[in-house]
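Just so it is clear, none of the values below were taken in a lab; they were calculated from the coordinates. This structure is a prediction, so every number in the text was calculated from the model and none was measured. Note: ideal-geometry Cβ built from the backbone for every residue, glycine included; neighbour counts use all protein chains shown.
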Amino acid sequence: MNRGTAPGTGIGYRRPYVGGVKWLHSSYAYRRGRCHRCRRDRLLGLLAASQLTIEQIVPIASGRSAGRELPPAGGIPLGRVIALDDVGFTGVDVAFFTAGAAVSRRAGEKAASTGCLVIDNSSAFRMRDDVPLPVPQVNPQVLDRRPENGIIANPNCSTIQLVRALAPLHEVAGLRRVVVSTYQAASGGGLVGLSQLASDSRTVLDKPSARLPAGRFGRPLAFDLIPQIGELDESGASHEERKLRQETRCILGLPDLPVTATAVRVGVFHCHSEAVLVELERPLAVREAEDALAAVSGLRLYRSCDDVPYPTPRSVEFGGGSRRDVHVGRIRADADERRALWLWIVADNLWVGAALNAAQILETAVSRGWWD
Ligand code: 2RA
């Protein structure tokens, strides 16, 4: 595998073909209501623009989409879509699964058993002890060695932006407790969620009392918010809230950290926002917290005295700031608890929360010599 070099000139790649390594991108996007196409398209763009030398990307989908011709991504030929059941994973270095937990469960382990590394964007493997759950800026050590089973789980979008902001604070003052409320965009529900929000919004503007179908989110989202993402368990917690708790503890390496969440879907197209109360082991001045966050690459800090005093979903999407950063503002002391701070975090859920993290997992694995 060579990195950052012209094809065939890299140090240490052993593959018997010139031009680098063969990569494979796996998606059922076409079949499953195209709902994961937004993540898949960003991932392709990132891979094409990365320092990785890529010989080939093979698009995979359901049988129904097989044979469809795809245009090149950043100069890398894609060619025809292959049906998942017809793919031989032998000789493929990496498969990105972006089609949801059911497909990942059905085909992920089989792909990995051929020696192919599976980077899975679903919740299928996230809570398995033998599957790393990396956010490369936070717990890169879990990528020190390639997992024996060949599977890596990409964490959930709302967790990734949360832990990237929490980790620097944990380093300077220790985390004691986290209370998070999320405001999650429609794009978390894929293209189906996006188009439903757009068309329902038009309908409501024309007729505010219009009856709308439940659709992708179980209830109409236009000009509204829904305090439930995923099914509720017997305690009343939603699947998204459970993921926030379990994954945050796992990635930060703090299995007993109290984390409690309320996850809310809001009528916003892109970018998840989070209001977070962080209790620390010691009092931390706002300035100290800001300095800790400002020092981290990939985190954009907003101070109340700045021209733009805090991020919003639209400012992150259209404001010219990086959609690859985690944006943090409104840092303030809690009025009653002197060891607690409030934060407001916004990030593009499809970039930071999905494609970018997956691409960075791969880049980290490559830099650690997994294919040397
Ligand atoms: C959502 N977190 O926003 C999910 C997507 N993985 O619905």
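Computed from the C-beta positions of Glu231 and Arg314 and an R0 of 30 Å, the FRET efficiency is 0.50 to the nearest 0.05. Highest mobility in the GNM of the chain, judged by mean-square fluctuation with C-alpha springs under 10 Å and restricted to Ala335, Ala83, Ala73, is found for Ala335.
For Phe96, the residues 5 or more places off, or on other chains, whose built amide H falls under 5 Å of its own are Leu24, His25, Ser26, Ile119. In this structure, the amide hydrogen of Gly319, modeled 1.01 Å from its nitrogen in the peptide plane, lies closer than 5 angstrom to no residue at least 5 positions away or on a different chain.
Hydrodynamic radius of the chain by the Kirkwood approach over all distinct alpha-carbon pairs: 21.5 Å. Per-residue 3J(HN,Hα) values for region 149-154, derived from phi via the Karplus relation 6.51 cos²θ - 1.76 cosθ + 1.60 with θ = phi - 60°, read 7, x, 10, 10, 9, 7 Hz in sequence order (x marks Gly and Pro).
What full-extension length gain, to one decimal in nm, is calculated for Ala48 and Asp372 as 0.36 nm per residue of separation minus the Cα-Cα distance?
114.5 nm
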